[in-house]
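Every number in this text was worked out from the coordinates using simple rules, so none of it is lab data. Keep in mind that this is a model prediction, so the values were computed, not measured. Every residue, glycine among them, receives a Cβ derived from its backbone with ideal geometry; neighbour counts consider all protein chains shown.
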Amino acid sequence: MTVDPNAATQGFPGPGRPGPHPARYLVPALAAAAVALALGVYGKVHDPAGTAFNLAGFSSTGAVKSWLATTAMFFALVQLVSALMLYGKLPGPAWSGTLHRWSGRAAFLIAVPVAVHCLYALGYQTYETRVMWHSLLGCFFFGAFSAKMLLLRSERLPGWLLPVVGGLVFAVLTTIWLTSALWFFRTFGVTT
């Protein structure tokens with residue numbers, strides 16, 4: 001097998017080829033800001049309904065949200081481990097990429113009803129520090145997630161960019177979980 005030494009590789013332009021223009025990263029950043037801002041504005045101006053859903057078998061909407069958030073956090077941990085496999089930091093099976101994609105989809109799909117409930121039923125609130133950070137980071141999470149999804153479609157990204165954005169999304173989701181589900185379980189007990 002022969003390899004073309006002049007072929008462009010990810011993150012490095014070939015000889016005589018310009019690298020990606022920095023403005024191409026502006027679109028995902030602007031989309032992230034727009035999503036986060038739109039969610040925050042909606043949450044602030046919307047009159048909270050008090051409840052948006054409840055599932056049979058759970059004692060309260062707080063319990064539903066906490067368990068859904070914990071499930072999303074589990075899939076986010078699978079995302080972290082599978083990303084470490086993909087980047088060669090941990091040994092992993094050939095299907096690590098598939099595991100990474102599907103665990104991310106599951107985490108996102110499980111997080112959406114929690115966010116919808118938070119925005120619709122509770123709104124963007126700032127009456128105490130924990131709640132303020134939870135509201136702020138909840139909006140930021142969906143903006144950062146949007147940016148990550150847009151960056152995935154970009155060609156010739158710097159090799160460090162996706163791990164940094166993915167790590168940011170993971171760290172924000174972890175903080176959201178700490179300020180909601182963990183707080184709920186510590187305050188009301190681990191109930192269903």
Principal axis dimensions, the stretch 60-192 - Cα atoms, whole angstrom, descending = 44, 26, 21
Quickly work out the Val27-to-Lys44 label distance, labels modelled 7 Å from Cα along the C-beta direction, and quote it in nm with one decimal.
-> 2.9 nm
Relative to the compact-globule scaling 2.2 N^0.38 Å, provide the ratio for the alpha-carbon radius of gyration of the stretch 132-177.
-> 1.21
Check each of the trypsin sites (Lys or Arg not before Pro) in the stretch 119-192 and keep only those in coil by DSSP with at most 13 other C-beta atoms within 10 angstrom; list them in order.
-> Arg153
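Using a Förster distance of 22 angstrom, determine the FRET efficiency expected from the C-beta separation of Val164 and Phe74, and round it to 0.05.
0.45
Among the chymotrypsin sites (Phe, Trp or Tyr not before Pro) within the stretch 124-182, which fall in a DSSP loop and have no more than 11 other Cβ atoms within 10 Å of their own Cβ? Walk me through the numbers on the way to the answer.
Working: sites: Tyr124, Tyr127, Trp133, Phe140, Phe141, Phe142, Phe145, Trp160, Phe170, Trp177; in loops: Tyr124, Tyr127, Trp160.
Listed in order of number, the matching sites are Tyr127, Trp160.
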R0 of 35 Å, Cβ-Cβ distance Met149-Glu128: FRET efficiency to nearest 0.05 = 0.65
Under 14 Å from a label point 7 Å along Cα→Cβ of Thr174: give me every residue in the stretch 94-117 with its amide N that close.
-> none
